[in-house]
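Asks: For reference, the structure I am asking about is given below.
The values are calculated or read from the model by the stated rules, or taken from the named source; none is laboratory data. Note that the structure is predicted; figures quoted are calculated from it, not measured. Note that each Cβ is placed from the backbone with ideal geometry, even for glycine, and that neighbours are counted across all protein chains shown.
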Amino acid sequence: MSISVTARLATSEDMFFLTDLYRKLEAEMSAIHPMWPRADGLDEPIEAAFLTCIEDPDSLLLLGEIEGYPLGFILGRSRPLLAHEPGVRVGAIQMVFVELEAREVGVGEVMRDTLMKDFRRTGHSLFDSHVLPGHRLAKNFFEAGGFAARSIIMHHSDTEGGGRRIRALYQPPPGSE
């Protein structure tokens, strides 16, 4: 039996699914590094952040579905390169998430490939993705799609105990636990 895995543009009517999926992503990423929701996630309120993405012509927000039911999302943003590369833009995958039960059946791949195809239609030929150090599944996922590391962001915290202390200071948003 084959299943139908698709990706489509998210709309404001998808807010329930987007918010639920984002909170699960936030919990997963916070367990890897507590700076994620503070530096790499979306601004609160999440609903407003998603609406901004939906309305932004430089952003693509897709839902991945199995048999029409949303089980993942991907957010990509078009960014210009430096001034000495006028008109050249990179399609940056800011975040991707698939429900644990729906991983390994192609939801992420369909979303990634659809997002890249949509960016290519607007002249993009360069793509980045943001992956946390230590998130081997995400690293392997993007490498399987032809990506290679080109930059690593290093972090330092002046709080006692370094970056690990952030976890003790960080209060997760309501409903994210």
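Let's see how each residue does on (1) at pLDDT 95 or above; (2) on the phi > 0 side of the Ramachandran plot; (3) in a strand (DSSP E or B):
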{"site": "V110", "(1), (2), (3)": "yes, no, no"}
{"site": "K117", "(1), (2), (3)": "yes, no, no"}
{"site": "R120", "(1), (2), (3)": "yes, no, no"}
{"site": "F127", "(1), (2), (3)": "yes, no, yes"}
{"site": "H155", "(1), (2), (3)": "no, no, no"}
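Asks: Something else now. Run down E47, E104, E99 and say which single residue is without any contact (Cβ under 8 Å) to a residue 12 or more places away in the chain and not hydroxyl-bearing (S, T, Y).
Replies: E104
Asks: Right, next: Kindly evaluate G64 against the criterion of being without any contact (Cβ under 8 Å) to a residue 40 or more places away in the chain, in contact with a Gly (Cβ under 7 Å, 6 or more places away or on another chain) and part of a strand (DSSP E or B). Full working, then the answer.
Replies: Values: without any contact (Cβ under 8 Å) to a residue 40 or more places away in the chain: no; in contact with a Gly (Cβ under 7 Å, 6 or more places away or on another chain): yes; part of a strand (DSSP E or B): yes.
No.
Asks: Check off (1) surrounded by 13 or more Cβ atoms within 10 Å (Cβ to Cβ); (2) part of a loop (DSSP other than H, G, I, E, B); (3) without any contact (Cβ under 8 Å) to a residue 40 or more places away in the chain for P34 and give me the number that stays unchecked.
Replies: Condition not satisfied by P34: (3).
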